[in-house]
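The values are calculated or read from the model by the stated rules, or taken from the named source; none is laboratory data. As the structure is a computational prediction, the values presented were derived from the model and not from experiment. Backbone-built Cβ (ideal geometry, glycine too); neighbour counts: all protein chains shown.
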Amino acid sequence: MSIRLEFSLLIGIFFFLAIIISLLKKKKLNLKYTLVWLLAVVGMLFAALCPSLIGKIANFIGIVTPINFVFMLEGVFVLFIILSLTVIVSHQNERIYRLVQTLAILEKRVRELEKKDIIENEESE
């Protein structure tokens, strides 16, 4: 890999890291979700700084070209993110379901109390 390409990759990776940190500081990204993206940054740094090691790992696994190994890693990472987002959505769905049930119970209690109050007011008059 040429020095110019390696330098460009490092600049892109640090730019991506700056975006992640900025989103974290602005509280637009939760810390536990940031860890997945920081793992991606570490992986990209590893690939950019050690291209020969990526080639050796690709050969060991049986992948002909290192770029195919990088694409495979990207695909695995995308699957990992999709899985983590699915877990988050499932958890949020469960919380919303419980919240709606609690709200319905509270609304029913308020209606019952209002009816009881109306009946008591009519009886006292």
Original post:
Which members of the range 30-59 meet the condition of being under 26 Å from I3 (Cα atoms) and hydroxyl-bearing (S, T, Y)?
Top reply: S52
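Can you tell me which of E107, E112, E122 is over 29 Å from Y33 (Cβ atoms), of a type in the set (D, E, K, R) and loosely packed, with under 10 Cβ neighbours inside 10 Å? Full working, then the answer.
On the way: E107 fails: loosely packed, with under 10 Cβ neighbours inside 10 Å; E112 fails: loosely packed, with under 10 Cβ neighbours inside 10 Å.
The unique qualifying residue is E122.
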Original post:
If you take the residues of the range 3-52 that are basic (K, R) and closer than 22 Å to F80 by Cα, which of them is farthest from the chain's Cα centre (by Cα)?
Top reply: K28
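In a helix (DSSP H, G or I) and exposed (fewer than 12 other Cβ atoms within 10 Å of the Cβ), is that true of F46? Give the steps one after another, and end with the answer.
Values: in a helix (DSSP H, G or I): yes; exposed (fewer than 12 other Cβ atoms within 10 Å of the Cβ): no.
Answer is no for this residue.
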Original post:
Out of all the residues in the range 78-91, is one or more surrounded by 10 or more Cβ atoms within 10 Å (Cβ to Cβ), assigned by TED's automatic domain parsing to the domain that holds S2, closer than 30 Å to G12 by Cα and not hydrophobic (A, V, I, L, M, F, W, C)?
Top reply: no
Subject >> Residue count for the range 49-65, restricted to those that are in a helix (DSSP H, G or I), more than 17 Å from I13 (Cβ to Cβ) and β-branched (V, I, T) >> reply: 2
Original post:
In the range 96-125, what count of residues is obtained for those that are over 48 Å from the mean Cα position of the chain (by Cα) and of a type in the set (D, E)?
Top reply: 5
